[in-house]
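Novice: Attaching a single structure in structure tokens format; questions to follow.
Read-outs: derived from the displayed coordinates by stated rules, not from any lab. These figures come from a predicted structure and were not determined experimentally. Note that we place each Cβ from the backbone using ideal geometry, even for glycine, and neighbour counts take in every protein chain shown.
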Amino acid sequence: MRSKLSIAIDGPAGSGKSTVARRVAEILGILYLDTGAMYRAVTLKALQDGIYLDDHEKLTALANQVELKFKKMSDGAYQLFMDGKNINEEISSFVVTENVSQVAAVSGVREALVQRQKQIGAESGVVMDGRDIGTVVLPHADLKIFLTASLEERAQRRWLELKAKGINVSKQKISEDLKQRDAFDSNREISPLRPADDSITIDTTGMSIEQVTEKIVNLSKHNQN
Ligand code: DC
């Protein structure tokens, strides 16, 4: 039987949340849910369908209707499928990244996606990463982590990630984009990015993925209900 342990990992863009969350889930043998991917999927669909991003009604309808499924691939990693199509690559594109904060600030979109996330959290043990997991989606999580890192380090990590994919962008541009997205996500009215009162903040500047993963796994052993 799967553990019902629930871990919330929040933090700004590029703080290493998804990589670490995926590894923690693997080690603990529980599900990993990338909630950012869901906001990205709705953004992608809106762009594909030519929906204006200030048309909150249409965006909300889309978030309620779109079929989203995380499927386990042969290498064990989960990839997101929208209406039956693998959209893993497309949701990481620049155009989606540049527009996702605006879509994620729409209350109807958040309600639709949070409802789905809560349901997954109620069904099984899970490591979820996002911006509002500890505050809204899993307010009773066994462990809440807030991951941070200096802007410089976050930009460096993103730059390396993109370089590995053969994409060349200046660190300066990445840094500006991260700053802009963080400001937008932190200052929006609904569920802004902020640490839950009972979260543990880990500054990952200068830490390796392995070190951060180990720290969270160890913390989870002390926080299991
Ligand atoms: O983690 P990410 O970069 O894939 O997230 C994409 C965007 O979605 C991010 O700018 C903020 C938003 N987001 C959110 O508002 N709430 C979440 N739980 C996850 C992501």
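Novice: Where in the stretch 174-216 are there GluC sites (Glu not before Pro) that are in a DSSP coil and have at most 16 other Cβ atoms within 10 angstrom of their Cβ?
Specialist: Glu189
Novice: Let me ask something else about it. Through the Karplus equation 6.51 cos²θ - 1.76 cosθ + 1.60, θ set to phi - 60°, convert the phi angles of the stretch 120-127 into ³J(HN,Hα) values in whole Hz; use x for Gly and Pro.
Specialist: 4, x, 6, 7, 8, x, 7, 10
Novice: What list of ³J(HN,Hα) values in whole Hz, one per residue of the stretch 197-205 in order, does the Karplus curve 6.51 cos²θ - 1.76 cosθ + 1.60 (θ = phi - 60°) give from phi, with Gly and Pro shown as x?
Specialist: Along the stretch 197-205, the couplings run 4, 9, 8, 10, 8, 10, 8, 8, 4 Hz.
Novice: Counting Lys and Arg as +1 and Asp and Glu as -1, what is the net charge of the other residues whose Cβ lies under 9 Å from the Cβ of Ser175?
Specialist: That sum, taken over residues with Cβ under 9 Å, equals +2.
Novice: Below 10 angstrom from the Cβ of Asp34, what's the summed charge of the other residues (Lys, Arg +1; Asp, Glu -1)? List each step's numbers first, then the result.
Specialist: Details: positive: Lys17, Arg22, Arg40; negative: Asp129.
Around Asp34, the surrounding residues sum to +2.
Novice: How many angstrom separate the Cα center of the stretch 1-60 from the Cα center of the stretch 81-121?
Specialist: So the two Cα centres are separated by 7 Å.
Novice: Grab the stretch 90-201 and count how many Lys pairs have their alpha-carbon atoms under 26 Å apart, sequence gap of 8 or more, or different chains.
Specialist: Values: Lys118/Lys144; Lys144/Lys179; Lys163/Lys171; Lys163/Lys173; Lys163/Lys179; Lys165/Lys173; Lys165/Lys179; Lys171/Lys179.
Number of lysine pairs found: 8.
Novice: Loop-only check: which chymotrypsin sites (Phe, Trp or Tyr not before Pro) in the stretch 36-72 are DSSP coil with at most 14 other Cβ within 10 angstrom?
Specialist: Answer in residue order: Tyr52.
Novice: Starting from the Cα of Lys58, draw a straight line to each of the lysines and keep only those under 18 Å, dropping any in the same chain fewer than 8 residues away.
Specialist: Cα-Cα hits under 18 Å: Lys45.
Novice: How would the stretch 69-209 be classified by its alpha-carbon gyration tensor: rounded, prolate or oblate, with rounded meaning a/c under 1.5 and the a/b versus b/c comparison settling the rest?
Specialist: Note, shape of the stretch 69-209 comes out rounded.
Novice: While we're on this one: Enumerate by residue number the GluC sites (Glu not before Pro) in the stretch 1-96 meeting two conditions: DSSP loop (anything except H, G, I, E, B), and at most 14 other Cβ atoms within 10 Å of the site's Cβ. Write down the numbers at each step before the final one.
Specialist: Details: sites: Glu26, Glu57, Glu67, Glu89, Glu90; in loops: Glu67, Glu89.
Answer by residue number: Glu67, Glu89.
Novice: Tally Lys and Arg at +1 and Asp and Glu at -1 over the other residues with C-beta under 14 Å from the C-beta of Asp185: what net charge comes out?
Specialist: Net charge in that neighbourhood comes out at +2.
Novice: Quick one: compute the contact order of the stretch 51-187, relative version, from alpha carbon pairs under 8 angstrom and 6+ residues apart, as a percent.
Specialist: 18 percent.
Novice: Follow-up. Per the helix-only calculation at 222 nm, which mean residue ellipticity applies to the chain, given -39500 (n - 2.57) for every DSSP H run of n ≥ 4 and division by its residues, nearest 500 deg cm²/dmol?
Specialist: -15500 deg cm²/dmol
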